[in-house]
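The values are calculated or read from the model by the stated rules, or taken from the named source; none is laboratory data. These figures come from a predicted structure and were not determined experimentally. Please note: Cβ atoms are built from the backbone with ideal geometry, for glycine as well, and neighbour counts cover all protein chains shown. Protein only, heavy atoms only, side chains kept; ligands, DNA and RNA dropped before computing areas. Shrake-Rupley method; radii C 1.70, N 1.55, O 1.52, S 1.80 Å.
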Amino acid sequence: SAVISQKPSRDICQRGTSLTIQCQVDSQVTMMFWYRQQPGQSLTLIATANQGSEATYESGFVIDKFPISRPNLTFSTLTVSNMSPEDSSIYLCSVSARFSGERSYEQYFGPGTRLTVT
Amino acid sequence: GQSLEQPSEVTAVEGAIVQINCTYQTSGFYGLSWYQQHDGGAPTFLSYNALDGLEETGRFSSFLSRSDSYGYLLLQELQMKDSASYFCAVPGGGNKLTFGTGTQLKVEL
């Protein structure tokens, strides 16, 4: 199993500022995923971070707001830019763990970054 | 697109059996996963059904009916530590997972 760490674990930020969240995996992985979980809600995929190429963003999420870096096979960052109170959420990174055919049905998740924007 | 609907909240007493349902509408279906998330914690994988029928893992079982676009998670001999949120999820292209709306389970004495 992969061990995933995230920094920071939590932060309180002022609106208009930006925060960069780091995700470190203890093994090399091809894809890393970034999710947002708003208070009391489900997980929503923001983007897939691929090493050596641009991240792939889901509908409703744009690179200018959530720039992602993936400099190597064990590390990724997600920046939440120009924050507003609506960005207050838990941000989680994950990696694929097990597959059925070509589909990943199990992911390992980091502990999350709890962001509050005031 | 994908949509997975779950009841928002279920309450049961310690020692009881509870069923958490998931109905889905997906473009392409490859199986149904279940995750548990305690307050303040990361989601953790519980089970996966690729085929119709019941999969049992200790106190937890998961069921799938592809013809009904429906699955459920069954928790037996409930314990207080089972109080958590439970999510169904479907794998998709690009190794992505789409999660259901989530069910908060409260176990009472």
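Can you tell me which residues in segment A:80-115 are over 30 Å from B:Gly31 (Cβ atoms) and surrounded by 14 or more Cβ atoms within 10 Å (Cβ to Cβ)? Residues satisfying the conditions are A:Val80, A:Ser81, A:Met83, A:Asp87, A:Ser88, A:Arg114, A:Leu115. In the condition set (1) open to solvent by 20 Å² or more (accessible area, probe 1.4 Å); (2) touching a residue at least 24 places away in the same chain (Cβ under 8 Å), A:Tyr57 is compliant with all but (2). Residue count for segment B:9-24, restricted to those that are of a type in the set (A, V, I, L, M, F, W, C) and open to solvent by 70 Å² or more (accessible area, probe 1.4 Å): 2. Among the residues of segment B:27-57, the one identified as touching a residue at least 60 places away in the same chain (Cβ under 8 Å), more than 9 Å from chain A (Cβ to nearest Cβ) and out of contact with any Gly (no Cβ under 8 Å at 6 or more places or on another chain) is B:Phe29. The condition (being at pLDDT 95 or above, among the acidic types (Asp, Glu) and on the phi > 0 side of the Ramachandran plot) is satisfied by just one residue among B:Glu77, B:Glu108: B:Glu77.
Being touching a strand residue (DSSP E or B) at 6+ places or on another chain (Cβ under 7 Å), among the small types (Gly, Ala, Ser) and within 14 Å of chain B (Cβ to nearest Cβ) is the filter here; which residues of segment A:60-99 pass it? Those that are touching a strand residue (DSSP E or B) at 6+ places or on another chain (Cβ under 7 Å), among the small types (Gly, Ala, Ser) and within 14 Å of chain B (Cβ to nearest Cβ): A:Ser89, A:Ser94, A:Ser96, A:Ala97. For B:Asp68, the stated conditions hold: it is free of Cβ contacts under 8 Å to residues at least 60 places away in the same chain, open to solvent by 70 Å² or more (accessible area, probe 1.4 Å) and charged (D, E, K, R). The one condition from (1) within 14 Å of chain B (Cβ to nearest Cβ); (2) in contact (Cβ under 8 Å) with a residue 60 or more places away in the chain; (3) open to solvent by 60 Å² or more (accessible area, probe 1.4 Å); (4) not basic (Lys, Arg) that A:Thr118 does not meet is (1). Regarding B:Leu73, is this residue farther than 21 Å from A:Arg36 by Cα and among the aliphatic types (A, V, I, L, M)? Yes; evaluated as a whole, the condition is true for this residue. Of the residues making up segment B:62-109, those that are β-branched (Val, Ile, Thr) and within 14 Å of B:Tyr24 (Cα to Cα) are B:Val90, B:Thr98, B:Thr101.
Got at least one residue in segment B:83-99 being surrounded by fewer than 22 Cβ atoms within 10 Å (Cβ to Cβ) and more than 26 Å from A:Gln38 (Cβ to Cβ)? No, segment B:83-99 has no match at all.
Please verify whether segment B:83-101 includes one or more residues that are more than 12 Å from chain A (Cβ to nearest Cβ) and closer than 25 Å to A:Thr44 by Cα. Within segment B:83-101 (the criterion being more than 12 Å from chain A (Cβ to nearest Cβ) and closer than 25 Å to A:Thr44 by Cα), the answer is yes, since at least one residue qualifies.
Listed conditions (1) of a type outside the set (Phe, Trp, Tyr); (2) open to solvent by 30 Å² or more (accessible area, probe 1.4 Å); (3) closer than 13 Å to A:Tyr105 by Cβ are all met by B:Leu32, apart from (2).
For segment A:6-38, a tally of residues being more than 22 Å from A:Phe99 (Cα to Cα) and within 11 Å of chain B (Cβ to nearest Cβ) returns 4.
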